[in-house]
Amino acid sequence: MMAEQRAKALARAAEARTARRALLAEVAGGAVSVAEVFQRRGQDLVGRTRVVQVLRAVPGYGPARVAALMATCGVAEKQRVGALNDQQRERLLRALIS
């Protein structure tokens, strides 16, 4: 029983990683904007994705630039998209545009 449950959990985790990788690839390719990702925060996968991952997928944003952006916008390093409040989302989007 436990082995079967573990196998199912591992399969679900692998599916989630694949879907998240596809989402981040769309952001990197410009097919999906950060604003669109934030609008989809109610979706389980998007809501559980870390803000850092989304921002690092944006072309031209590496670890240092993302860390500085999040610090100035008051977003914790481990914050997930689904946990962002309206002010944090607005500050991040405004900072990305400028």
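Details
- Pairs of Cα atoms nearer than 8 Å and 6+ residues apart set the relative contact order; for the chain it is 25 percent.
- Nearest 10 degrees, 0 to 90: helix 2-29 Cα axis against the chain principal axis: 30
- Gain on full stretching of the segment that runs from R41 to A64 - 0.36 nm per residue minus C-alpha separation: 5.8 nm
- Accessible solvent surface per residue of the stretch 53-95, calculated while the other protein chains remain in place, 1.4 angstrom probe, Å²: 57
- Once the C-beta distance of E15 and K78 is scaled by a Förster radius of 25 Å, the resulting FRET efficiency is 0.65 to the nearest 0.05.
- For R80, residues with placed amide H under 5 Å, excluding near neighbours: V51
- Surface composition of the chain: carbon and sulfur make up 54 percent of the accessible area, probe 1.4 Å.
- Taking every Cα-Cα distance in the stretch 24-71 and sorting them into 10 Å bins from zero, the calculated P(r) comes out as 28, 55, 17 percent.
- Across the stretch 46-62, coupling constants 3J(HN,Hα) worked out from phi with the 6.51/-1.76/1.60 Karplus curve, θ = phi - 60°, read 5, x, 8, 7, 6, 4, 4, 4, 5, 5, 5, 6, 5, x, x, 10, x Hz, and Gly and Pro carry x.
- With the simple spin-label model, which puts each label point 7 Å out from Cα in the Cβ direction, the A71 to Q53 separation comes to 2.4 nm.
- What the phi angles of the stretch 89-98 give under the Karplus curve with 6.51, -1.76 and 1.60, with θ = phi - 60°, is a coupling list of 4, 4, 4, 5, 5, 4, 5, 5, 6, 6 Hz, glycine and proline written as x.
- The chain - mean residue ellipticity at 222 nm from DSSP helices (-39,500 (n - 2.57) per run, n ≥ 4, rounded to 500): -21500 deg cm²/dmol
- Extension gain from E4 to N85, taking 0.36 nm per residue of separation minus the Cα-Cα distance: 25.3 nm
- Rounded to the nearest 20, the size of the Cβ-charge dipole of the chain about its Cα centre is 220 debye, with Lys and Arg at +1 and Asp and Glu at -1.
The values are calculated or read from the model by the stated rules, or taken from the named source; none is laboratory data. Not measured: the values here are computed from a predicted model. Note that each Cβ is placed from the backbone with ideal geometry, even for glycine, and that neighbours are counted across all protein chains shown. Calculation scope for accessible area: heavy atoms of the full protein, side chains included, ligands and nucleic acids excluded. Shrake-Rupley method; radii C 1.70, N 1.55, O 1.52, S 1.80 Å.
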